[in-house]
Amino acid sequence: MPITAEHIRETVDDYLDTRPDEKGRLEPILDLLDAGADLTSRKEFRGHATAGAILADPAGRVLHIRHLALDRWLLPGGHLEADDARLVDAAQRELTEETGIPASVVVAAGLRPLHIDVHPIPANDAKGEPEHQHVDFRFLFRTSADVGELQTEEVTAAAWRDAETLADEALRSRVMQALR
């Protein structure tokens, strides 16, 4: 069963129960859901959901991938697919696809996102996509495995980095706290 607007709303509401100070920042997402926007569709350019994985190893390092299209170091993640049942499942699928790390050696730290980030994505003329917003639901996972075969259509490199190097201050703080 594919991810539904109800699942997205429940996930945002659950997240806001623990982080009520972020309600103003996430209000536009709730407004889109109220307006009937299909945040599961990558054709919804006002904003659509993506799922990201924060993968930590036993030493507290976080896996980063070099994204081919954006030419930036990012956390593994991407768009939802029709066979994803939950956002956490989409994050784990993307992690496995991009890094070659089997799902069987990765453990989700929970079903609630550690962080929800809203960020702009530049226009992509080759795909006919205007500039748009990604609503990235980021879930924490743990593993003792190393990177496997990279998905070279999207990823050019992978590197384990100290959690302290995460650029987003809120994400860095939450990851560091979760890894204690």
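The values are calculated or read from the model by the stated rules, or taken from the named source; none is laboratory data. Fair warning: this is a prediction, and the values are worked out from it, not measured in the lab. Heads up, the Cβs are rebuilt from the backbone with ideal geometry, glycines too, and the neighbour counts pull from every protein chain shown. Protein only, heavy atoms only, side chains kept; ligands, DNA and RNA dropped before computing areas. Shrake-Rupley method; radii C 1.70, N 1.55, O 1.52, S 1.80 Å.
For the reader, a short list of remarks on this structure follows.
- Pairing residues of region 28-43 that are touching a residue at least 60 places away in the same chain (Cβ under 8 Å) with residues that are exposed (fewer than 14 other Cβ atoms within 10 Å of the Cβ) and not aromatic (Phe, Trp, Tyr), at Cβ distances under 8 Å and at least 6 apart in sequence or on separate chains, gives Pro28/Val118; Ile29/Val118.
- All conditions but one from (1) under 18 Å from Thr18 (Cα atoms); (2) open to solvent by less than 40 Å² (accessible area, probe 1.4 Å); (3) free of Cβ contacts under 8 Å to residues at least 40 places away in the same chain apply to Gln177; the one that does not is (2).
- Residues of region 149-167 that are closer than 30 Å to Ala5 by Cβ, part of a loop (DSSP other than H, G, I, E, B) and either open to solvent by 30 Å² or more (accessible area, probe 1.4 Å) or β-branched (Val, Ile, Thr) (or both): Gln151, Glu153, Glu154.
- Flag for Pro120 being modelled with pLDDT under 95, within 24 Å of Leu39 (Cα to Cα) and either within 10 Å of the chain's Cα centre (by Cα) or part of a strand (DSSP E or B) (or both): yes
- Residue match in region 106-116 (condition: in contact with a strand residue (DSSP E or B) (Cβ under 8 Å, 6 or more places away or on another chain), buried (at least 17 other Cβ atoms within 10 Å of the Cβ) and over 16 Å from Arg174 (Cα atoms)): yes
- Qualifying residue in region 98-105 (condition: surrounded by 16 or more Cβ atoms within 10 Å (Cβ to Cβ), among the acidic types (Asp, Glu) and within 16 Å of Ala159 (Cα to Cα)): yes
- Of all residues making up region 36-75, the number that are of a type in the set (Gly, Ala, Ser), open to solvent by less than 70 Å² (accessible area, probe 1.4 Å) and closer than 22 Å to Glu129 by Cα: 7
- Checked against (1) farther than 13 Å from Ala56 by Cα; (2) at pLDDT below 95; (3) not charged (D, E, K, R), Phe137 meets all criteria but (2).
- Top-ranked residue in region 123-148 [being more than 13 Å from Gly47 (Cα to Cα), in contact (Cβ under 8 Å) with a residue 60 or more places away in the chain and not in a loop (DSSP other than H, G, I, E, B); ranked as most open to solvent (accessible area, probe 1.4 Å)]: Arg142
- Selection status of Asp146, among the charged types (D, E, K, R) and touching a helix residue (DSSP H, G or I) at 6+ places or on another chain (Cβ under 9 Å): no
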